[in-house]
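Input: a single structure, listed below in structure tokens.
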Amino acid sequence: MTKRNPISVPEGYFQNLEQRLQQIPAQTAAPSRVHRFAPYLAYAASLAVLAVIGNFILGKTAVQEDTGWDYVSYLAQSLDPDGLVELKEAEELSEDDIRNYLLASNISVEQINMTLYEEDY
Amino acid sequence: MESPEQVFNKIVKDYSERLYWHVRRMVGSHQDADDLLQDIFLKIWTALPSFRGEAQLYTWVWRIATNETLNWLRKEKVRAMLRFASADELAAQKVEADPYFNGTDAEREVAKAIARLPEKQRQVFIMRWWDELSYEEISAITGTSVGALKASYHIAQEKVKLNLSDSQVSK
């Protein structure tokens, strides 16, 4: 295989690109150490939301004896990709919900494929 | 001591063009490469305070760029899958439709064959073949052993040849 660059860019692109990229600091807040904790804060917030929802459901469905049923775990599992098919079938999640969830997750493409289209396997 | 803005501007000056070509070859179109490059440099800017100099700046910048690119390709793959389309074919179609491609038909076929490689193999192939990085540099950036990279490059090369011969047969 021979090598010659067969692709090009619009005229003056790189000069313009450099100028646009150098505007990023002015357009965004100064970077701080808080940014490093942002993912952990988001994770903590998600857990807090789950805990609140779980607590609410527990309060609504309180029974006399302890059944050992952990609603918070149940909800957490429902948000797991393995629960997507059931939620999809129960129409509790729209296609958009699932799409957004999958795009934001770190789940492998292969796993998503198997989960959504497992009947094809 | 340099301010964060000065360090960032130096990174833009030193790396933007080279990273553009890497990203462009990975994603297949000028527009996508331009959008993704903005995201990469935004990430570099926000992550700058966490750079402690343990890795070389060069390795650190490339690592962010390659991770962001793989993440972008992964999202493209999910989007394609949810539309029951093949991400590999969509990538090849982007090469076909690229208005800034001015090579020969044979060069277009090579670009399409590379676009059809699985993303991690494509990444190793492009870093070695087009970006001319050494295996040691790629290893530092990707965290993959040199041996595994050599194997991946060899397999990618064979797949490109196979893709090329398949496209010749189907014509």
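Overview of values
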| read-out | value |
| --- | --- |
| Restricting the stretch B:6-35 to residues that are among the charged types (D, E, K, R), more than 9 Å from the chain's Cα centre (by Cα) and at the interface with chain A (Cβ under 7 Å from one of its Cβ atoms), the residue that is surrounded by the fewest Cβ atoms within 10 Å (Cβ to Cβ) | B:Lys13 |
| Top-ranked residue in the stretch B:82-124 [being in contact with a helix residue (DSSP H, G or I) (Cβ under 6 Å, 6 or more places away or on another chain), at the interface with chain A (Cβ under 10 Å from one of its Cβ atoms) and over 22 Å from B:His154 (Cβ atoms); ranked as modelled with the highest pLDDT] | B:Tyr100 |
| Flag for B:Leu57 being among the aliphatic types (A, V, I, L, M), at pLDDT 90 or above and surrounded by fewer than 16 Cβ atoms within 10 Å (Cβ to Cβ) | yes |
| Unmet requirement for B:Ser152, which otherwise passes all of (1) in contact with a helix residue (DSSP H, G or I) (Cβ under 7 Å, 6 or more places away or on another chain); (2) more than 12 Å from chain A (Cβ to nearest Cβ); (3) closer than 22 Å to B:Leu37 by Cβ; (4) of a type outside the set (Val, Ile, Thr) | (3) |
| The stretch B:101-127, residues that are free of Cβ contacts under 8 Å to residues at least 12 places away in the same chain and part of a helix (DSSP H, G or I) | B:Asp105, B:Ala106, B:Glu107 |
| Selected residue (criterion: farthest from B:Phe8 (Cα to Cα)) from residues of the stretch B:44-61 that are at the interface with chain A (Cβ under 10 Å from one of its Cβ atoms), within 22 Å of the chain's Cα centre (by Cα) and in contact (Cβ under 8 Å) with a residue 12 or more places away in the chain | B:Ala47 |
| Residue pairs meeting the criteria (Cβ under 9 Å; at least 6 apart or on separate chains; first within 7 Å of chain B (Cβ to nearest Cβ), in the stretch A:14-28; second not in a helix (DSSP H, G or I)) | A:Leu17/A:Val9; A:Pro25/A:Pro31 |
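The values are calculated or read from the model by the stated rules, or taken from the named source; none is laboratory data. What you see is a predicted model; the values in this text were computed from it and never measured. Cβ: placed from backbone, ideal geometry, glycine included. Neighbour counts: every protein chain shown.
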